[in-house]
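Derivation of every value follows stated rules applied to the coordinates shown; laboratory data play no part. Model, not experiment: these values are computed from the prediction. FYI the Cβ positions are ideal-geometry reconstructions off the backbone, even for glycines, and counts take in every protein chain you see.
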Amino acid sequence: MTFPSSMKFIAVVALTLVGCMGTAKDPFGRQAIEGTITLDGQPLASGSIVFMPEEQGPFVSGAEIHKGTFSMPPTNGLPAGRYKVSITSVVPLPASDVKSADEMTMDFPTKSLVPAKYNSQTTLISEVSDESQNVFTFDLKSK
């Protein structure tokens, strides 16, 4: 069976478009981000990390921390720029440590392992680059 030249042209254009779509760059320029997090020299077992624009911006992204590492693929990454970084990790509060009535009314009282200077009052800043890999190391101190 032979195809008219117009159908061959349409097939070539369609295959070209499909091929280009597979290699298209992210329209927002989001970058993959990964790194390690230690607390007092030990890998932070679990928690979360969030990157927020230093100045108001449209992108906030984060990842779960597993055994001291985190990773964000480009689809969840961030465009180049400066970001405040918030790192949190909590553990259940043992019943013997519950001291107030407010803590007793919580469904699951927890204790933060990471000081406020790394989350609610963060002092951490990271710069995401579109010219190099974005691998960050955060060495946190509990005291």
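Overview of results
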quantity	calculated
Modelled FRET efficiency - R0 22 Å, Arg82 with Thr38, Cβ distances, 0.05 increments	0.45
Most to least packed among 131-137, 64-70 [average Cβ atoms within 10 Å]	64-70, 131-137
Residues whose placed amide H lies under 5 Å from that of Leu78, excluding near-sequence neighbours	Gln31
For Leu44, distant residues with modelled amide H under 5 Å away	Ile37, Thr38, Leu39, Gly68
Residues with amide H under 5 Å from that of Leu113, placed H, sequence gap 5 or more	Ser89, Val90, Val91
Point-charge dipole on Cβ atoms (K/R +1, D/E -1) for the stretch 31-88, about Cα centre, debye to 20	40 debye
Stretch gain in nm, segment Val50-Ser120, where the contour uses 0.36 nm per residue and the Cα spacing is subtracted	24.1 nm
Label-to-label distance, nm, for residues given as Asp26 and Val91 (7 Å Cα→Cβ offset)	3.4 nm
Cβ-defined net charge surrounding Ser71, 13 Å radius [Lys, Arg +1; Asp, Glu -1]	-1
